[in-house]
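The structure under discussion appears below in the form of structure tokens.
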Amino acid sequence: YAREEHTLRELRIFLREVCAKLARNRLFFMFTKPVDVEEAPDYYDIIEKPMDLESMMTRIDQHHYVCAKDFLDDIDLICRNALEYNPDRDQADKLIRHRACFLRDTAYALIKAEMDTDFEDRCQAISADR
Ligand SMILES: CC(=O)c1csc(NC(=O)C2C[NH2+]C2)n1
């Protein structure tokens, strides 16, 4: 059990680094904090499950993520929300959709490049056990 806690502690350290790196990239600034209802008054009528990088950092500390897949599910949610809320062909919507897909692809690439597959396998085994 102590070994499992060590593995999850290591996962949290790794995910904080990935999350911080994404949040530092100014291309992703619109995804770093919850949407301000002043800026997009209808946002919370349209988007059922809002998500952002600052909230994900909090979820890491709350031990919400037991494997990298759980973390990437929330990245996928940020991306899906942006595609849903910005469906139009105008430049503003297109840019946000492009940035959302870039955030998602960057997160997947970072984790694939920096994470041992057997480490993720161990995390997913713990996740299945709980
Ligand atoms: C985070 C997110 O997806 C977001 C924040 S503002 C926004 N979209 C707009 O402000 C307008 C451009 N067409 C609507 N999308």
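The values are calculated or read from the model by the stated rules, or taken from the named source; none is laboratory data. The structure presented is a predicted model; accordingly, all values stated were derived computationally and were not measured. Every residue, glycine among them, receives a Cβ derived from its backbone with ideal geometry; neighbour counts consider all protein chains shown. Accessible surface is based on the protein model in full, side chains and every heavy atom, while ligands, DNA and RNA are left aside. Shrake-Rupley method; radii C 1.70, N 1.55, O 1.52, S 1.80 Å.
What the table below lists for this structure:
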| read-out | value |
| --- | --- |
| Looking only at the range 52-64, and only at residues there that are touching a Lys or Arg at 6+ places or on another chain (Cβ under 9 Å) and open to solvent by less than 10 Å² (accessible area, probe 1.4 Å), the one that is nearest to the ligand (Cβ to nearest atom) | ASP52 |
| Answer residue from the range 77-92, given it is open to solvent by 20 Å² or more (accessible area, probe 1.4 Å) and not in a loop (DSSP other than H, G, I, E, B) and is nearest to GLU54 (Cα to Cα) among those | ARG80 |
| Whichever residue in the range 10-20 is without any contact (Cβ under 8 Å) to a residue 60 or more places away in the chain and open to solvent by less than 50 Å² (accessible area, probe 1.4 Å) and, among such residues, is nearest to HIS63 (Cα to Cα) | ARG12 |
| Positions within the range 36-45 being surrounded by 12 or more Cβ atoms within 10 Å (Cβ to Cβ) and outside any loop (DSSP other than H, G, I, E, B), in sequence order | TYR43, TYR44 |
| Residues within the range 21-35 that are without any contact (Cβ under 8 Å) to a residue 12 or more places away in the chain and assigned to a loop (DSSP other than H, G, I, E, B), tallied | 0 |
| Residues (open to solvent by less than 40 Å² (accessible area, probe 1.4 Å) and either farther than 18 Å from ALA109 by Cα or of a type in the set (A, V, I, L, M) (or both)) located in the range 21-30 | LEU22 |
| Selection within the range 92-119 - without any contact (Cβ under 8 Å) to a residue 24 or more places away in the chain and near the ligand (Cβ under 9 Å from one of its atoms) | ALA92, ASP93, LEU95, ARG97 |
